[in-house]
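A quick write-up on the structure given underneath.
The values are calculated or read from the model by the stated rules, or taken from the named source; none is laboratory data. Treat the numbers as computed from the prediction; the structure is a model and nothing was measured. All Cβ positions, glycine included, derive from the backbone under ideal geometry; neighbour counts span all protein chains shown.
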C-alpha cells in the first residue's frame, strides 16, 4: 500500500496545498461524473458512486501521488457501446451489466498485476491510442448533439447519424439549444479568463439555478429528474440472466487494457514532471481494486483521468490526500445535497461531454506522424476511421490487430544495416565518411532472431556476399541485437548458414555474447565447422581478428610467391646451363 505509507509519513507543509487541490478536484468531478453516467446510460447517482470509494482505494494502493481516478470519456463510451446492445431498453438490466462489467475489469487488472503484466502499458501504441481517442471524441460529439439540441436520432450508427443530421436540425428544440449555447459560452469564457476555476461546476450550478428558477421542464427542456440514493433492488439480481455474463468477458478484457494504458500515460507524465518513480504492476493492481469497489458500490468503470489529474497538479496537490479530500466532499453531496441535482438540464451535461471531447481531439499529432513515421500515421488513421465506420469496440479490436500485425511484420522483415569504419577507427553505418572494410561485411540485424525470420536472415547475408563487387572473405554479425534467447531453429539455421558460407570460402564471425552462444550450441549438440565460424567479444575485437587473419594470409601469400619466384629462377638457370 504505497499510498498508505506516504500518508503515514505525511509532511504538514503539504496540507494547505492538498486541501485546495482536493476542493478543486471535487468541484470538477461532481458535474463530469454525472455527465459520464448519462453517457454510460445509468442514473446520475451511479456517476457519484463511481467517484467516492475508488478515489479512497486508489489513494491507499496506488503509487502515483497526483493521479485522480474516476469515470473517463473514452472508457465510458466503450462501456456504453458494449452494454446498450445487450440491455436493449431495460434500465435496470443496463445498470446490472455495467456493474458486472466493472467488477470483471477489476478482476482482470488484479490478475495482470499479480502476473507482473505492467508491460501491457505498451500494447496500445501511441498512434493507436491517438486514433482511438479521436474516433471516440467525434463519436461522443455527434451522439451528444441530439441531447444539446433537443432531438433524437433514428439510427444507432455514426455514419447514418452524420448523413441525416442536416435533416434533424429542423426538429431541434429552440430553448434547449439556447441553454446549450449559453452553457458552452460559460465554459469557454471561464477557460479563457479563469483557467484554474472549475468551469464545468460553475456551468452546472448557474444553469441548474436558472432551471429551478424558471422551471425549465415546463418549457420542454429536459432535466435529469429525481436523483435517488438507493441501490438496485436485491430481487432484481435473483432474476438476472447469468448467460449474459459470457458476453462481457472479452469486452471487459479489452476495456481493462484501454483503462490501464490510458492511465499509465497520465501516471508516467506527472511522475516525470514531479520527479518520482511509479510501478506499473502496482498501478495495475490499484486500478483493479478501484474498479472492484466501484462495481460493488454500484458505480461504473473508472480509470486515470488526465483532466482532473491536471487540475490536481495545477492547484499544487502533493500527495494522495487530495483524492481522500475530494471523495469526502463528494460523499457529503450524496448524503445531503442530492435534491438540487434533479434540476440539472440534460443538455448541460451533453455540452460538458462535448467540451471534454473537443479537448481530446488531436489531429495535429496524426499529421505529424505522416512526416516522421508513415507506419504510425497509417495505423493511427485506420484506427480513427475504423472507430467511426464500424463502431468503438470493433474499431478498437481492429486497431490492436493491425498494431500486432505491424509489429510482426517488423520482426519478420526487420531493417538491417551494413556497417563500416571511419578514419578514426569507429564503427558506424555505411556513409560518406564510413567505408566498408576490405573483403569484409559487418552486418547488423535489427530484430531478435526466431524461427520465423532465420531464413530471411540467412538470405540477406548470402545476397550481400553474392552481390558484392569485390570478393568477401569474412562476415561479421553483430550478435547482441539478434541473438536474444535460445531457439533451436535459429541455432540450426546458423549451422546451415556456415555450410553455405563454406561453399563460398567465407568465414562467419559472431560478435558479442561469445560465451552464451558457445554454450547454446554445446547444449543443443550442434557441431560447427571451426574453420568457418569464430566467436568474438565485440565488433572491434572482430575487426582486429579479421585484420590479424588477413595479415597472416598476406604473409603466407608473400612467402609462397617468393618461393615461386625462386623456383622460376632455378628453372631459368637450369635451362641456361642446359643451353
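Below, the figures for the structure above:
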quantity	calculated
Test: residue in the stretch 389-396 that is outside the structural domain of residue 220 (by TED's automatic domain parsing), out of contact with any helix residue (DSSP H, G or I) (no Cβ under 9 Å at 6 or more places or on another chain) and assigned to a helix (DSSP H, G or I)	no
Any chance residue 527 is assigned to a loop (DSSP other than H, G, I, E, B), modelled with pLDDT under 90 and under 19 Å from residue 418 (Cβ atoms)	no
Flag if residue 380 is in a helix (DSSP H, G or I), at pLDDT below 85, in contact with a helix residue (DSSP H, G or I) (Cβ under 7 Å, 6 or more places away or on another chain) and crowded, with 18+ Cβ neighbours inside 10 Å	no
Filter result for the condition that a residue is surrounded by 14 or more Cβ atoms within 10 Å (Cβ to Cβ), within 35 Å of the chain's Cα centre (by Cα) and either touching a residue at least 40 places away in the same chain (Cβ under 8 Å) or assigned by TED's automatic domain parsing to the domain that holds residue 94 (or both), over 204, 179	204
In the stretch 216-233, the residues that are part of a loop (DSSP other than H, G, I, E, B) and within 39 Å of the chain's Cα centre (by Cα)	222, 224, 225, 227, 228, 229, 230, 231, 232, 233
Matching option when the condition is within 21 Å of residue 456 (Cα to Cα), surrounded by 13 or more Cβ atoms within 10 Å (Cβ to Cβ) and out of contact with any helix residue (DSSP H, G or I) (no Cβ under 7 Å at 6 or more places or on another chain), among 497, 545, 492	492
Filter pass, residue 448 being surrounded by fewer than 20 Cβ atoms within 10 Å (Cβ to Cβ) and either out of contact with any strand residue (DSSP E or B) (no Cβ under 9 Å at 6 or more places or on another chain) or farther than 28 Å from residue 528 by Cα (or both)	yes
Any hit, the stretch 356-363, residues being over 19 Å from residue 310 (Cα atoms) and under 28 Å from the mean Cα position of the chain (by Cα)	yes
Residue in the stretch 394-409 that is surrounded by 13 or more Cβ atoms within 10 Å (Cβ to Cβ) and under 23 Å from residue 534 (Cβ atoms) present	no
Yes/no for residue 236 being in a helix (DSSP H, G or I), within 24 Å of the chain's Cα centre (by Cα) and either surrounded by fewer than 21 Cβ atoms within 10 Å (Cβ to Cβ) or free of Cβ contacts under 8 Å to residues at least 12 places away in the same chain (or both)	no
One residue from 404, 353 being in a helix (DSSP H, G or I) and either touching a strand residue (DSSP E or B) at 6+ places or on another chain (Cβ under 8 Å) or not assigned by TED's automatic domain parsing to the domain that holds residue 141 (or both)	404
Residue within the stretch 165-175 that is more than 13 Å from residue 40 (Cα to Cα) and touching a residue at least 40 places away in the same chain (Cβ under 8 Å) present	yes
Residue match in the stretch 148-160 (condition: assigned to a helix (DSSP H, G or I) and modelled with pLDDT of 90 or more)	yes
Residue in the stretch 278-289 that is over 24 Å from residue 261 (Cα atoms) and modelled with pLDDT under 95 present	no
Residues of the stretch 468-484 classified as in a loop (DSSP other than H, G, I, E, B) and touching a residue at least 40 places away in the same chain (Cβ under 8 Å), total	1
Odd one out for residue 217, checked against (1) buried (at least 16 other Cβ atoms within 10 Å of the Cβ); (2) touching a strand residue (DSSP E or B) at 6+ places or on another chain (Cβ under 8 Å)	(1)
Single residue of 62, 47, 3 found to be surrounded by 24 or more Cβ atoms within 10 Å (Cβ to Cβ), within 26 Å of the chain's Cα centre (by Cα) and not assigned by TED's automatic domain parsing to the domain that holds residue 135	3
